[in-house]
Structure formats: structure tokens, C-alpha cells
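Asks: I'd like to ask you about the structure that follows.
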Amino acid sequence: MKRRIITIFIVAIVCWISTAVDAFGSFSESTLHRLAMASSLSYLSIEKIKQSPYYNECKLEPIIQVVDPKSESGATIFRVIDNSNNDNNREHQQLVVACRGSANPKNFGTNLKFNLVPATRLSQNYIPENAQVHEGFQSAAVGLWKELAQPLMKEIEKTSSSSSVVFTGHSLGGATSLLTAVHYQASISGVRGSLPDVITFGGPKLCNSELARHIRNESLSQCNILHLVHSSDPVLANNQKLWNDLGFENVGIELQCDPNKPVVYYREDETPKKGIAWNIVDHCKYMVRYVCVLLYGCYCCCFIKYLTLLTYNVRVYSLVQGYNTNGFVLT
């Protein structure tokens, strides 16, 4: 019996490594680096994007920006203007949808609506019983997709049939990018449109195991879903236990990247030794880019994220322990 369990465990590890390598192999580090910059630029207006030092480097042309008036979540649609690299035929993507992370009080309020609720608002004809999703992220993605759908579909009509769409985002933007990709895939089912891929940076866990399996095996079954993280990110490090206690699960493959250089590690023995995740600015530093409001804005945003993180941890811990937090935290 013990030998059988060990064999099953080894097979599972080999399958996970194989899946991770295949998924990573679809995107070069230069492409992931570009998507990190797209996630960063999504925090800026189109006018300021064109003034950013990242603009010329990333070779992405901003087409349109949208904002959900209710949740104030936003996204920028970019067109790839440099197709010099082949990237195993994945560099042919023409459009990048970069969902913005937390940048205002309403966004931080969205993060704090962490209760798992029925996943009934994801444009799905069928959802498994007990499939649940983060309340705030589901609502934000619904509103954001209402704003994104029309301009995105118009841009897709302008591109060739071989073009593809990548959804990306940092932090809160990682969550909304995944869920808007689910809405997008449901919208193009049976009509012209390419399968989406999803690449997130420092994104949170956002649903329970039932919904995670459904998205992996049904909604986005033929899509690459990569979650890029690093061990110095204090938001991820401090929330792992809380997410686990509340039953949250990752949807895609989680890969370690380097915060200080454009490198991704898909083997555990290659990853740097874990340090102490204490500097909140490291939540915004991915693949040598500040994936947040640039310069001083990054520090201001990170300070607010730190306060939000403290509030989030206190409230979740209280709920897990069965304490009443009414009147203590505003959501």
C-alpha cells in the first residue's frame, strides 16, 4: 500500500512538471517580460502610457481603455506591434488585454469582499454544484466584461483568423483577467475567435476546488493559464495560509519568477532560496519591472496595499476563528 502511494505521488509530480514545462514553453521569457510591462502600463492612462519608458520597449500599442463604473476596475487593450520572435507560434498573438490592479479605494474594497459565493455570474451554461468564487472578484469581472466585450470583439474582427488573445494582469488585475477570459471564451464559443491564454503576476487565489477544476477542464480547457509568483512577495506569502483555510485553490500552473531579472523557474531545484517576504514594494516587482503605478506612485499604492493586507488578515483570521467582526472593518 505504501509503495503504491509513493508511485502515485511520483507520477503526479512528473505530470505536473511536464504540464508546467509545456505551458512555459509556449511563452518565451521575453514575451512574459512584455506582459509584465503591459500589466504595469495598465495602471496608467493612454496618454501617460505613451510617455512611459516601458512604452517603446514593450512594443505594444494601446488601443482602448475601459473602466467598470461600479467597481472602478479597469483594463487596457493593446495590439502587439513587434512579431519578430516566433515563440513556438504563440508570439503571433495580436491582442493583449491587461487588467489593472488595485489603484483606488473601491478596488481595495473589492479585494476585501473575499467571501466565497456561488459562481453564477461567469457566462457559463453549466456550473458544478458547490462551485464558488471570491465575491468581489466575480462582481468586478462581470462589470469589467460588460465594458470590454464590445471593443474587444471589434478589434478581433480586424485581425487575422490566426491571431490570439492574451489576458494578463497584476494582483487584483490577475484575478479579473482570469475571470474576464472565462467570459470571453464563453462569448466566442461556436463563433470566430481564438482561444485565450491567461498570464498573471502576483495574482491571488480566487475560487474553490470545484470551480478551479471546472475552469481548467471545461471553460478554459485548451488554454494556457500561468500564475507567475515569487517568494519575496509579502501579499502572497502572508495570505497563503488564509486562502488555504478558506478553501481557495489555484486555477492554473504556478511558476516562480525572479523579481529582479526577467527569468522564470520551472524546476524547483533552480529557484532561489526563500527569504523573508517583508517589503511590500516587492509585491509590485516582477521580472525586474515595477508592475504597478510607476515611481513614487508605486510606493503610495504599495503602502495602501500594505494597510489593506493588514485589514484583510485581521478580518479573515477573525472569521476563521469564529469571531464577530461587525463594526470593525469596512468593506
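Nothing in this text is a laboratory measurement; each read-out follows from the coordinates by a stated rule. For clarity, every value in this text was computed on a predicted model and none was experimentally measured. Here the Cβ positions follow ideal geometry from the backbone for every residue, glycine too, while neighbour counts run over all protein chains shown.
Asks: How long is the gain from Gln150 to Ser45 if the chain were fully straight, where each residue apart is worth 0.36 nm and the alpha carbon distance is subtracted? Could you put the intermediate results ahead of the total?
Replies: On the way: separation 105, 0.36 × 105 = 37.80 nm, distance 1.99 nm.
That pair, Gln150 and Ser45, stretches by 35.8 nm at full extension.
Asks: Now a separate question. When you have a sec, figure out the Kirkwood radius of region 107-209 from all distinct Cα pair distances and drop it here in Å to one decimal?
Replies: With all distinct Cα pairs of region 107-209 included, I get 14.2 Å.
Asks: Taking every alpha carbon pair in region 101-157, what does the distance histogram look like in 10 angstrom bins from 0, in percent?
Replies: Binned Cα distances yield the sequence 21, 41, 30, 7.
Asks: Label points 7 Å out from Cα along the Cβ direction at Glu270 and Ile64: separation in nm?
Replies: Going by the 7 Å Cα→Cβ label model, 3.9 nm.
Asks: Using 17 Å as the cut-off for backbone N distance, which residues of region 247-267 belong to the label zone defined by a point 7 Å from the Cα of Glu129 along Cα→Cβ?
Replies: Taking a point 7 Å out along Cα→Cβ of Glu129, no residue of region 247-267 has its backbone N under 17 Å.
Asks: Could you list log10 I(q)/I(0) for region 198-287 at q = 0.19 Å⁻¹, which the Debye formula gives when each Cα is one point scatterer?
Replies: Debye output, listed in q order: -0.92.
Asks: Here is a further query. Which FRET efficiency, nearest 0.05, do Asn244 and Ser221 yield, Cβ-Cβ r, R0 25 Å?
Replies: 0.50
Asks: Quick one: 3J(HN,Hα) in Hz for region 198-209, Karplus 6.51/-1.76/1.60 with θ = phi - 60°, rounded, Gly and Pro as x.
Replies: Result, ordered by residue: 10, 10, 10, 10, x, x, x, 5, 9, 7, 8, 5 Hz.
Asks: Assuming 0.36 nm per residue, please report the length gained on full extension of the stretch Glu157 to Glu29 beyond their Cα-Cα distance.
Replies: The Glu157-Glu29 span can extend by a further 43.2 nm.
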